[in-house]
1. At a threshold of 8 angstrom on Cα-Cα distance, excluding pairs fewer than six apart, so keeping six or more, what relative contact order does segment 7-53 reach in percent?
2. If each residue of separation counts as 0.36 nm, what is the full-extension length gain between LEU37 and GLN339 once their alpha-carbon separation is subtracted?
3. For an R0 of 51 angstrom, estimate the FRET efficiency from the Cβ-Cβ distance between ARG111 and VAL354 and round to the nearest 0.05.
4. Exposure proxy check: THR30, THR46, THR239 ranked by fewest other beta carbons within 10 Å?
5. If you split all Cα-Cα distances of the chain into 20 Å bins from zero, what percentages do you get per bin, shortest first?
6. What number, in percent, do you get for the relative contact order of the chain if the mean sequence gap of Cα pairs under 8 Å and at least 6 apart is divided by its residue count?
7. Taking the Cα centre of the chain as the origin and placing charges on Cβ (Lys, Arg +1; Asp, Glu -1), which of VAL136, GLN342, SER94 is farthest toward the positive end of the dipole?
8. Listing PHE74, PHE47 from the residue with the fewest other Cβ atoms within 10 Å to the one with the most, what is the order?
Amino acid sequence: MSRKYTDKEARALMLKAKLRPIVSYQSNHTPWKCVCLKCKRVVTPTFTQVRSRGTGCKYCARIAVDPIEAKELFNKNLLKPLIKYPGAESGWKSKCLKCNSIVYPTYSNVRTGHNGCKYCAKEIGAAKHSKSKSEVYKFLRKNGYYPLLKSDFVSAQQPVVSKHKPCGTVVEARYFSIQQGRGCCNYCGTQQGALKWANTLEDVLPLLKRKKITLLDKKLKGMRENHKFKCKVCGLIWTTRLASLTSDIGCPNCADYGLKPNLPSYIYLIKHSKYAALKIGIANSNKVRDRLAKHQENGWELIEKKAFRTGAKARRVELGCLNYLRSERKLPIHLIPKQMPQGGWTETVDARRVRASTIWAKVEELSRVKR
């Protein structure tokens, strides 16, 4: 049996839980009328409840909902309640002030941001997913699907008869399927699936021919093993996993994205004062608007910069420096993607744990290593 506290002891605990008693303490299990010092509402928790939970206001703990606040939330979302508040999880008969429909949204759904009117929500969803013919066709071409003249455009939800450029197959391309990362060409899907289990050089020759690549290794080690390749177009020799070629990846030097290993490049060290972060990075020198410019637009300031004749050399120095920071210094990634919408957060470190001069000294050291 729990002991009975004095009024002074009980009041001290209630005040600690942000509750100011209005009446005297009676017992541990008797509802005690109090005013919540946070929301100013009158509540009646028991002393035992407050002692065990550490809080006693059912409104601040979101255990209960004030009907007046619930009505204000509905009005804010253009909903007019027609009956008394039924509870957070029960449908509350209301009138939509947008379309005048009678609807039954729950308080919980409206509070978490859902549209209270199902009829208006459908219209909003349809408008959100509506795309013009030019938008859909431009997106399809960008992803290798070329609409045929005989195809009639209906909407973004309907398939468009197209020719898949990589293989020449006529397929029904769907805008939203491609947008969600699902391809529309069964032939290419089957080929990629088969290539993942390729065992001989003859199995991958069609893929290499299509990408204009030569395999320099005499034996096939496995799809997940690194192989040496040479581009028939630019002559670049590089190493990558054979499995990576089953996607749209080809010669990194001929691609219109990423770092070009054969072109002049530079390595840079930048700092963000607000985030107390340092970042190492590389970029090609001939780009009009490169990575460094994007970082500077987002509050980063340049500390050091060093030029290299090729991107491959800059990449080796960058990887060596990152290995030093992660493996030897045991420094984790400092920022998160939300803090760097332009990308590059994986190369950041805490500026309070390592000096910029220390990082750059390592860059200079690795730059002198000849390979």
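1. Values: 69 pairs, mean separation 14.9, N = 47.
Rounded, it is 32 percent for segment 7-53.
2. Details: separation 302, 0.36 × 302 = 108.72 nm, distance 3.58 nm.
Full extension from LEU37 to GLN339 adds 105.1 nm.
3. Details: r = 45 Å, r/R0 = 0.88.
That gives a FRET efficiency of 0.70.
4. Numbers: THR30 13, THR46 16, THR239 10.
Final ranking by Cβ density, sparse to dense: THR239, THR30, THR46.
5. Once binned at 20 Å, the Cα pair distances of the chain give 18, 30, 32, 18, 1.
6. Values: 546 pairs, mean separation 22.4, N = 371.
Relative contact order for the chain comes out at 6 percent.
7. It is GLN342, whose Cα lies furthest towards the positive end.
8. Numbers: PHE74 22, PHE47 25.
In order of increasing Cβ crowding within 10 Å: PHE74, PHE47.
Every number here is computed from the coordinates shown, using simple stated rules; none is lab data. What you are looking at is a predicted structure, and each value in this text was computed from that prediction instead of being measured. Backbone-built Cβ (ideal geometry, glycine too); neighbour counts: all protein chains shown.
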